[in-house]
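Chemist: Structure in structure tokens, see below.
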Amino acid sequence: MRWKWLGFTSAVLFLCLAHGFAQVRRAEPRAGKPAKNSTPIDEFMRMPPVERQKALNRLPPDKRRRIEDRLKRFNALPSDRQQELKSMYNRLTQLSAPQQQAVRRSLNQFSQQPADRKQAIRRELWSIAPLSAGEREARFAGAEFRENFNDKEQAIVRDMSQLLPPT
Amino acid sequence: MGCVADGDGAELIVSYGARRLAPHEQAEFELHVRSCARCREHAAAQRAVWSALDEWPGITPSEDFDQNLYRRIAMEEQQAWWRCLWPDTWSPRAAVPVVLACSALIAAFLLNGPPLRSRAEPQFQMEQVEHALDDMDLLKQLSVESH
Amino acid sequence: MNPDGIGTQAPQPSWNTRVNNCVAGLAARQGDAELMLRVRGGDQASFGLLLERHRAPVIRFLDRMVQSQAVAEELAQEVFLRVYKSRGTYEPAAKFTTWLFRIATHLGLNWIRDGKNEKGQESLDEKTAEGTIKQVLDRGRTVEQELVYQAKLREVRGAIESLPAKQRAAVLMHKYEEMEYSEIANVLRCSESAVKSLLFRAYEHLRSRLAHLA
């Protein structure tokens, strides 16, 4: 009698566990194949709202709220702005790990520059955007570039030029 | 034509106040009302009630309503699969063999089964999302002065 | 070349914009029952569409029932949670709105019955005090006009609150949701003649309280 009871409960438990695992699998996001050039933000937003919320719920409350706010702000940007940022992000993530590290370091340093120097760096990047890689190198080696920008700024421009669209 | 005095007019009065009478019914009722003071009084009062109720504006749902709802749904779903492991109808005496069976099954699964696709993946995904947001914040400053 | 940026591609609508456009397009073409059947089949986007369509009416109905926005929203969430949880067994036997308002009415009546409506009066007064300045700003009324309006609104809310719970529900469905007697009867699970009786008594009471506002 005791063994029958053990066998019965084991069988029921096995079925429950199987059902539970099936539910866990079913509950996983049906994100499908990620689109070319999609960012983790795109993939996250592609998840059904319930699955998105489940993923957020697993985070500590403060962190969850911070990420929710940041996502809200990002999604509120105009669509062309979002697209621009995503394009730059995708170019960044296609670089090798050391290159990515260098670019992020330069971006951080860029954020610490005074406003007028930031604008000068932006203009420089804008003006070299249509140049080929060889032409950019020539520009960086030129006297004008070295006169207009100090060493730190030169490094910033060189690193961030890797985010420019290919020519 | 129903009349309040006869007890038949209540439905007509309400429909008249709500402007839901068909045109011919409305015309017929208005004709009756001209000669029936009691119906006239009730109809006017019903119209006043209807207008007063019109003045009560509906509220606007709060912005985070949907978010809170999805949060609740997610929490419910996360709890749901735990409940199936111990239905309310099971007696406490079943606990011992069930615990033993559970331990045996888990041990077998861990030793021989496929790797569990666990909470690690969604957490990793959230880290990727957070890192992507960090990068986006850095990249934003390239286009225009950050706002 | 974008003078403000360092390089751009042709602008594309954001994911949210594409989803919102898709939502609007689908909503125009599909009935509630059809959407709910899709939800039953696992289509969560259709649940979003139903929510978009019915969120405001359900919240407004519950707000007028319980006279507190916070409680109304909590109850409304419970309504949609129950709709979502029942998706697996949904059958389009009745109109979707009938089912939805049946759940909402049930929850509203329970809340009232459980005696939590002492808060209703407090929130009514708070809302009135807060509402005065905001309404003046929003609607361009003078302060005096606003005070008169708020006093009228207080009377209307008080009159509705004074109705027995079932009469209250029937009036709100009849007046604000423009439901026919048959649909209200389906929601309240009673006969059409019972609904008429509820409504006529309710309106009689409201006439005694509000006719002077004409």
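The values are calculated or read from the model by the stated rules, or taken from the named source; none is laboratory data. These numbers were taken from a predicted model, which means no experiment stands behind them. Ideal geometry is used to build each Cβ from the backbone, glycine not excepted, and the neighbour counts take in all protein chains shown.
Chemist: Does segment C:161-182 include one or more residues that are of a type in the set (F, W, Y), out of contact with any Cys (no Cβ under 9 Å at 6 or more places or on another chain) and not in a helix (DSSP H, G or I)?
Modeler: Yes; the residues of segment C:161-182 include at least one that is of a type in the set (F, W, Y), out of contact with any Cys (no Cβ under 9 Å at 6 or more places or on another chain) and not in a helix (DSSP H, G or I).
Chemist: Residues in segment C:87-107: is at least one among the polar types (S, T, N, Q), at pLDDT below 90 and out of contact with any Ser or Thr (no Cβ under 9 Å at 6 or more places or on another chain)?
Modeler: yes
Chemist: Those residues that are more than 7 Å from chain C (Cβ to nearest Cβ), exposed (fewer than 13 other Cβ atoms within 10 Å of the Cβ), of a type outside the set (V, I, T) and within 30 Å of C:E155 (Cα to Cα), I need them from segment B:35-75; list them, please.
Modeler: B:A37, B:R38, B:D54, B:P57, B:E63
Chemist: If a residue has to be surrounded by fewer than 16 Cβ atoms within 10 Å (Cβ to Cβ), part of a helix (DSSP H, G or I) and touching a residue at least 12 places away in the same chain (Cβ under 8 Å) to count, how many in segment A:121-139 make the cut? Before you say what the answer is, go through the steps one by one.
Modeler: Our first condition is that a residue be surrounded by fewer than 16 Cβ atoms within 10 Å (Cβ to Cβ); within segment A:121-139, this holds for A:123, A:127, A:130-135, A:137-138.
Then drop every residue that is not part of a helix (DSSP H, G or I), which leaves A:123, A:127, A:133-135, A:137-138.
Among the residues that remain, those that are also touching a residue at least 12 places away in the same chain (Cβ under 8 Å) are: A:133.
Of the residues in that region, 1 qualify.
Chemist: While we're looking at this one, here's another question. Would you confirm whether any residue within segment A:147-165 is over 26 Å from the mean Cα position of the chain (by Cα) and small (G, A, S)?
Modeler: No, the conditions are met nowhere in segment A:147-165.
Yes or no, residue by residue, for (1) at the interface with chain C (Cβ under 10 Å from one of its Cβ atoms); (2) touching a Cys at 6+ places or on another chain (Cβ under 6 Å); (3) modelled with pLDDT of 90 or more:
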{"site": "A:R65", "(1), (2), (3)": "no, no, yes"}
{"site": "A:E68", "(1), (2), (3)": "no, no, yes"}
{"site": "A:L71", "(1), (2), (3)": "no, no, yes"}
{"site": "A:D80", "(1), (2), (3)": "yes, no, no"}
{"site": "A:E84", "(1), (2), (3)": "yes, no, no"}
{"site": "A:Y89", "(1), (2), (3)": "no, no, yes"}
{"site": "A:S96", "(1), (2), (3)": "no, no, no"}
